[in-house]
Structure formats: structure tokens, C-alpha cells
Amino acid sequence: MIRHGMRCVAAGLLAAGLAATTVAQAQDAFMFQSGVFSNMMMQPNVDRMLKRNMALARGDGQLLQRATRRGGAASLASGEFDPAGMDRAAAGGVKKQTTVFKPAGASRMPALLAEAYPEAARGQAERSFKQLLSGYQQIERQFNIPRNDVAGAVAALLAGSWMAYRNADFPDENFTPLVRQMRGVIARNPDFAAADAQQKQEMYEQLAILGMLTATTQMALKENPGTPDAQRIQANLREAGKGYLEQFLKTDADRVQLTSQGLELR
């Protein structure tokens, strides 16, 4: 995700042991255990939460399908999404709403995600997930995304998943249009409007962390191809990226394009 913005974050995570360049470090770094990116590794309650959070952002899918059809430029130009990223009143009288939430309390998601790891590794995993969330908040500042804007977290997950699946860089200039597009989709979703602050906070944190995890790992593998067991890790990473894209978009990951106009399905 985001070449320039992510590079400093990834460097800090590398230094912290999230990704390692020596054999000894790689054996200890939880990110590079072979099964890390297996979707089945998630605890059932965390996996259920992810599916719920994706559905909460996606809504019934009709707006998302219209927004991401081939020809996204025409879609934006036609006024389906406001150029400034603010929602217009949706057909059928859906009221405008903000995608920014007020936190309900302290962050719980790093600890919940760490439950997927063996007990001895949970402390390190939780610290690492906290670092990833903090790293995403640096991205918010860099791109002038309001703090606690769920649209940015959704865009981070899509960008990180796309990077993992394609093993490709994601240009900085494509991130803001993607955030703007997701803001339009989420802001029209009545289910999101009905969600409480705790649900929105969990959604924001989980999607931001997973987006950062996929993105920084892809970057680390690309810059350190000699990492032990790299081929298996890359395969698991690619499968995770594919799974996240298809679960959210309900379509084949090969159709997903992230362009200067946002997300398009081709």
C-alpha cells in the first residue's frame, strides 16, 4: 500500500521485528511463520467479526457494484460521488451520514486479533498489531484523512489486499480517490448509520490493521527475497489478499483494478 507513505512505516516495523532479514530473526518473527496468512488461522469469533465488518461497509452491494463498474471515471464525473468525497442524498431518500465515528473507548482489536496466535506469541502479536494501527494513523495524517474515518480503513484493506494478491506496488496518488469512493459507498449504507460507536470502532481498527499487515508484509518480502520460507509465505499472503478482496467485493479478484479513479471491476 502507498509506496512513499508505507515505506517509513514498514521500515519501523522491520526494525521492531515484524519482518526480519536474518535467519534467526525470521524464525522468531510471528509475521513470517508459514501459517500467518491462512484465513483459517483466525479465531472463529474474529473471522465472524471480519465478515460482519465487511458487510457493514459494503451494504447490499448495489451501490458498490455501480461505483466500481468499468468506467469509474464516468461514474465519478456523473455525480454518483461528490468530488470532495461527501455523500449526496441517495435514491430512495437515504439520509447523508458521516463515515467518521467517535471512539467508544480504548482499542480492543489488537488483543482480539492476537488471540489467533499461540499463547506464548500473543504478547508480541498484540504489540505488533498496535504498531500497525499506529502506522495506519500516520497514513491518515499524510493523506489528510480525518482520524477515525472508516472509509480510509476500508481503502487500506483493499489496497493492502490488492498488493498482496498482485505482489505489486500501489501508487500514492491512487489512494485518495479510493478513500473518496469508499466514503461515498459507506455513507449511503443505512446499516452503517444504524451501527453503534463500538461496532464502527471495531470495524475501523480491524480493517486498518489487516490492510497494513498485508501491505507491509508484501513490501518486506519484495525487499528481502532471501527471507527463509519466502515462497510459502508469499503464497499464503497472496491467498489472503485474494480472500479479502473476494469476500468484500463478491467477485473474482482478477477483476479488481485500483486506478487513479478508484476501484473498478473489469
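Normalised by 2.2 N^0.38 Å, where N counts its residues, the alpha-carbon radius of gyration of segment 219-266 equals 1.40. Our compactness index for segment 169-242, the C-alpha radius of gyration over the empirical 2.2 N^0.38 Å, is 1.43. Summing +1 for each Lys or Arg and -1 for each Asp or Glu among the other residues whose beta-carbon sits under 13 angstrom from that of S260 gives -2.
Exposure proxy check: Y117, Y165 ranked by fewest other beta carbons within 10 Å?
Fewest-to-most Cβ neighbours within 10 Å comes out as Y117, Y165.
Each Lys or Arg adds one and each Asp or Glu takes one away; over the other residues whose Cβ falls under 14 Å from the Cβ of A208, this sums to +1.
When peptides 228-237, 50-59 are ranked by their average number of other Cβ atoms within 10 Å per residue, the highest-first order is 50-59, 228-237.
Less than 12 Å Cβ to Cβ from A153, Lys/Arg counted +1 and Asp/Glu -1: what total charge do the surrounding residues give? Here the count lands on -1. Between the beta carbons of Q257 and A120, assuming R0 = 35 Å, the FRET efficiency works out to 0.25 to the nearest 0.05.
We did not get these values from a lab; they are worked out from the coordinates using the rules stated. Given the structure is predicted, the values throughout are model-derived calculations rather than measurements. Every residue, glycine among them, receives a Cβ derived from its backbone with ideal geometry; neighbour counts consider all protein chains shown.
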